[in-house]
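As structure tokens, the structure follows; a few thoughts come after it.
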Amino acid sequence: MFKTITEQDWVYEYISNRKKPLPVVLGTKGTWTGNRKPMIILIGFTMMDVLVLGDLYGVAHHPVRKMKTKEIIYYAINIIDKKKVKEIIKEWNEE
């Protein structure tokens, strides 16, 4: 049986295995969900990183969440607009 992992657990596991973690985009294939709808989460380990990702994906105006899990602080932007999520997924599928 597949165990659902939380965003915080995913980030903790990701950063625990890297010396210099890069910003990441979760759900680029439509696999991350919120309220059972596909979403994309931009994750950065500095405010600047997440704002640059937000700018790249045209969502820099979206609210940034400052998150803390265990000893890790990270910043996140949720993209939940169905049209924007589909656009990003399509872009990633073309690469």
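Brief remarks follow.
- In percent, rounded to a whole number, the relative contact order of the chain is 26, using alpha-carbon pairs under 8 Å and six or more apart.
- Accessible-area composition of the range 52-95, carbon plus sulfur, in percent [1.4 Å probe]: 54 percent
- Only lysine pairs 8 or more places apart or on separate chains count here, and in the chain those with Cα atoms under 24 Å apart total 25.
- Candidate values (1) 0.92; (2) 1.09; (3) 0.95, label of the one derived for Rg/Rh (Cα atoms, Kirkwood Rh): (3)
- The chain, accessible area per residue, ligands and nucleic acids excluded (1.4 Å, Å²): 71 Å²
- Applying 1/(1 + (r/R0)^6) with R0 = 35 Å to the Cβ-Cβ distance of residue 71 and residue 92 gives a FRET efficiency near 0.65.
The values are calculated or read from the model by the stated rules, or taken from the named source; none is laboratory data. All values reported here derive from a predicted model rather than from experimental measurement. We place every Cβ from the backbone using ideal geometry, glycine too, and count neighbours over all the protein chains shown. For the accessible areas, the whole protein counts, side chains as well, though only heavy atoms, and no ligand, DNA or RNA atoms are used. Shrake-Rupley method; radii C 1.70, N 1.55, O 1.52, S 1.80 Å.
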